[in-house]
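Nothing in this text is a laboratory measurement; each read-out follows from the coordinates by a stated rule. Here the structure is a predicted model, which is why all the values come from computation and not from measurement. Because the Cβ atoms are built from the backbone with ideal geometry, glycine has one as well, and the counts that use them run over all protein chains shown.
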């Protein structure tokens, strides 16, 4: 078979394959404009703290949501989070620029109240932004320690 015949045959096969490919029209629905609350409770050797980052979905209404109120509750009491700098909630290396509000637990008296809330074993978070109310519940795990096997004990 000559090179010219091979090229012509390959061209016909490629043209037939390309004719069978058709891209369908794809349309994307605009995202719902909803409030998102990312609430974190951290309890470690340095004590307990809580942060909340309240924002809208990407593609929703631009700008920060209006003044949110974030409360952590349990049988042990209630703690309100106070507004703080964005850097207290969002890591410095985060590339996404999401407009939102950062709230954190305060210092001093609020720390004791947070400890009482966390000692109850189950925490409820409530976030209110205008007429929107978000609620979530978390059962806190018992204290634990991550155990790393000795190098000689783990072989694959």
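Listed values, structure above:
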item: Linear extension gain, residue 28 paired with residue 139, 0.36 nm per residue minus alpha-carbon span; result: 36.2 nm
item: Sorted peptide list for 48-61, 80-93, criterion being average Cβ within 10 angstrom, highest first; result: 48-61, 80-93
item: Estimated distance in nm for a label pair at residue 38 and residue 148, the labels positioned 7 Å out from Cα along Cα-to-Cβ; result: 2.7 nm
item: Ranked 64, 139, 101, criterion: other C-beta atoms within 10 Å, fewest first; result: 139, 64, 101
item: For 42, 35, order by how many other beta-carbon atoms lie within 10 Å, fewest first; result: 42, 35
item: In nm, spacing of pseudo-spin labels at residue 115 and residue 64 (7 Å Cα→C-beta vector); result: 3.1 nm
item: Label-to-label distance, nm, for residues given as residue 87 and residue 99 (7 Å Cα→Cβ offset); result: 2.2 nm
